[in-house]
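Visitor: Pasting in a structure now, in structure tokens, and then I'll have a few things to ask.
The values are calculated or read from the model by the stated rules, or taken from the named source; none is laboratory data. These figures come from a predicted structure and were not determined experimentally. FYI the Cβ positions are ideal-geometry reconstructions off the backbone, even for glycines, and counts take in every protein chain you see.
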Amino acid sequence: MERPVRLAILASGSGSNTASIMRYFADEENVEVAFVGCNRPPERAGIYERTRALGLETTRFTKSDLVEGRLLETLQNAHIDWVILAGFLMHMPPAFVQAFTGRMLNIHPALLPKFGGQGMYGMHVHEAVIAAGEKESGMTVHWVTEAYDEGGIVFQASCEVNLDDTPQDLANRVMQLEHTYYPRTIAACIESVNA
Ligand code: GRF
């Protein structure tokens, strides 16, 4: 029997998407979350506690681990097949992107190509959507390429933007979509590449 597909998740923050992905694949025989990495220390990122509660320790790494190739080496030594970015705020070095081309996904909390690119992360995205008077927003899953948020779009789900929404209201609504659709989109991508 073939071994399960091994995922690494990289994140920078609270890790709620990471937890939803871990829960989704927990009972799945063909895919396993084998590594979770975070570039922030435990006192600045809730992800450590979340993954520990699900039975996996988050590994901390530094910017230089990423830039100088040590993180890539760690993932290759751990036989990681796919890299899933889930609220990861660092730019991926070209060598890293090349190593996982076609096997690396990211999630963005808006309907790309609108409200993407440098500086468009976290609450800035939702503030910009509301300021622009948009009637809908949502989430986008896309392939990772060397340019921010410009890889091919794999999946989008949308929600309403209400007139009285605060950025936090909108963030909560988009986050629901992320938790629902990111894990199953990852599963569908793996299935189609491995078919
Ligand atoms: C999500 O909204 C994701 O789209 C964005 O950063 C947020 C991460 O949240 N890129 P969490 O750490 O998964 O809770």
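Visitor: Any idea which residue in region 13-47 is nearest to the chain's Cα centre (by Cα), counting only those that are charged (D, E, K, R) and part of a helix (DSSP H, G or I)? Reasoning before the result, please.
Guide: Residues of region 13-47 that are charged (D, E, K, R), as a first pass: 23, 27-29, 32, 40, 43-44.
So of that shortlist, the ones also part of a helix (DSSP H, G or I) come out as 23, 43-44.
Values: ARG23: 15, GLU43: 21, ARG44: 18 Å.
Among them, the one singled out is ARG23.
Visitor: Can you name the residue in region 48-84 that is hydroxyl-bearing (Ser, Thr, Tyr) and either at pLDDT below 95 or not in a helix (DSSP H, G or I) (or both) and is also nearest to SER14 (Cα to Cα) among such residues?
Guide: Taking the candidates together, the pick is THR58.
Visitor: Next up: Can you tell me which residues in region 151-175 are touching a residue at least 12 places away in the same chain (Cβ under 8 Å), exposed (fewer than 15 other Cβ atoms within 10 Å of the Cβ) and under 16 Å from the mean Cα position of the chain (by Cα)?
Guide: If the condition is that a residue be touching a residue at least 12 places away in the same chain (Cβ under 8 Å), exposed (fewer than 15 other Cβ atoms within 10 Å of the Cβ) and under 16 Å from the mean Cα position of the chain (by Cα), then no residue fits.
Visitor: Any residue in region 121-133 that is more than 20 Å from PHE88 (Cα to Cα) sitting within a Cβ distance under 7 Å of a residue that is away from the ligand (no atom under 11 Å from the Cβ) and among the aromatic types (Phe, Trp, Tyr)? List the pairs, counting only those 6 or more apart or interchain.
Guide: Filtered contacts from region 121-133: VAL129/PHE115.
Visitor: Please determine, by comparing only the residues of region 114-128 that are at pLDDT below 95 and more than 11 Å from the ligand (Cβ to nearest atom), which one is nearest to GLU191 (Cα to Cα). Don't jump to the end; show me each part of the working.
Guide: Of the residues in region 114-128, the ones at pLDDT below 95 are 116-122.
Next, from what is left, pick out any that are more than 11 Å from the ligand (Cβ to nearest atom): 117-119.
Details: GLY117: 29, GLN118: 31, GLY119: 33 Å.
Going through the qualifying residues, I end up with GLY117.
Visitor: Identify the residue in region 2-13 that is surrounded by fewer than 22 Cβ atoms within 10 Å (Cβ to Cβ) and either of a type in the set (A, V, I, L, M, F, W, C) or more than 9 Å from the ligand (Cβ to nearest atom) (or both) and, among all such residues, is modelled with the lowest pLDDT. Quick ask: steps written out before the conclusion?
Guide: Going through region 2-13, the residues surrounded by fewer than 22 Cβ atoms within 10 Å (Cβ to Cβ) turn out to be 2-6, 12-13.
Subset that is either of a type in the set (A, V, I, L, M, F, W, C) or more than 9 Å from the ligand (Cβ to nearest atom) (or both): 2-6.
Values: GLU2: 84, ARG3: 93, PRO4: 96, VAL5: 97, ARG6: 98.
Looking at the filtered set, the residue picked out is GLU2.
Visitor: Just give me the residues in region 86-107 being more than 13 Å from the ligand (Cβ to nearest atom) and of a type outside the set (A, V, I, L, M), in sequence order. Working first, answer last.
Guide: Initially, region 86-107 is screened for residues more than 13 Å from the ligand (Cβ to nearest atom), giving 91-104.
Listed by number, the residues that qualify are HIS91, PRO93, PRO94, PHE96, GLN98, PHE100, THR101, GLY102, ARG103.
Visitor: How about region 58-73: which of its residues are under 23 Å from VAL33 (Cβ atoms), out of contact with any strand residue (DSSP E or B) (no Cβ under 7 Å at 6 or more places or on another chain) and of a type in the set (Val, Ile, Thr)?
Guide: The one that is under 23 Å from VAL33 (Cβ atoms), out of contact with any strand residue (DSSP E or B) (no Cβ under 7 Å at 6 or more places or on another chain) and of a type in the set (Val, Ile, Thr): THR62.
Visitor: I need a count of the residues in region 14-34 that are surrounded by 21 or more Cβ atoms within 10 Å (Cβ to Cβ) and closer than 20 Å to PHE88 by Cα. Working first, answer last.
Guide: Initial filter on region 14-34 (surrounded by 21 or more Cβ atoms within 10 Å (Cβ to Cβ)): 15, 17-19, 21-22, 31, 33.
Retained after the next criterion (residues that are closer than 20 Å to PHE88 by Cα): 15, 17-19, 21-22, 33.
Here the count works out to 7.
Visitor: Please work out which residue is surrounded by the fewest Cβ atoms within 10 Å (Cβ to Cβ), limiting yourself to region 111-147 and to residues that are within 13 Å of the chain's Cα centre (by Cα) and not in a strand (DSSP E or B).
Guide: Top of the filtered list is GLY122.
Visitor: Which condition number does TYR181 fail, the rest of (1) part of a helix (DSSP H, G or I); (2) surrounded by 14 or more Cβ atoms within 10 Å (Cβ to Cβ); (3) in contact with a His (Cβ under 8 Å, 6 or more places away or on another chain) being met?
Guide: It fails just one condition, (3).
Visitor: Please indicate, with yes or no, whether at least one residue in region 85-95 is touching a residue at least 24 places away in the same chain (Cβ under 8 Å), assigned to a strand (DSSP E or B) and surrounded by 13 or more Cβ atoms within 10 Å (Cβ to Cβ). Break it down into steps so the answer makes sense when it comes.
Guide: At the first step, the residues of region 85-95 found to be touching a residue at least 24 places away in the same chain (Cβ under 8 Å) are 85-95.
Subsequent filtering for residues that are assigned to a strand (DSSP E or B) retains 85.
After this cut, where a residue has to be surrounded by 13 or more Cβ atoms within 10 Å (Cβ to Cβ) as well, the list is 85.
Yes, region 85-95 has at least one match.
Visitor: Return the residue satisfying two criteria in turn: it lies in region 129-148 and is more than 10 Å from the ligand (Cβ to nearest atom) and touching a Phe, Trp or Tyr at 6+ places or on another chain (Cβ under 9 Å), and of such residues it is farthest from GLU178 (Cα to Cα). Give the derivation first.
Guide: The initial filter retains those residues of region 129-148 that are more than 10 Å from the ligand (Cβ to nearest atom), namely 129-138, 142-148.
Pick out the ones that are also touching a Phe, Trp or Tyr at 6+ places or on another chain (Cβ under 9 Å) and you get 129, 132, 134, 137, 142, 144.
Numbers: VAL129: 17, ALA132: 22, GLU134: 19, SER137: 12, HIS142: 13, VAL144: 17 Å.
Filtering first and then ranking leaves ALA132.
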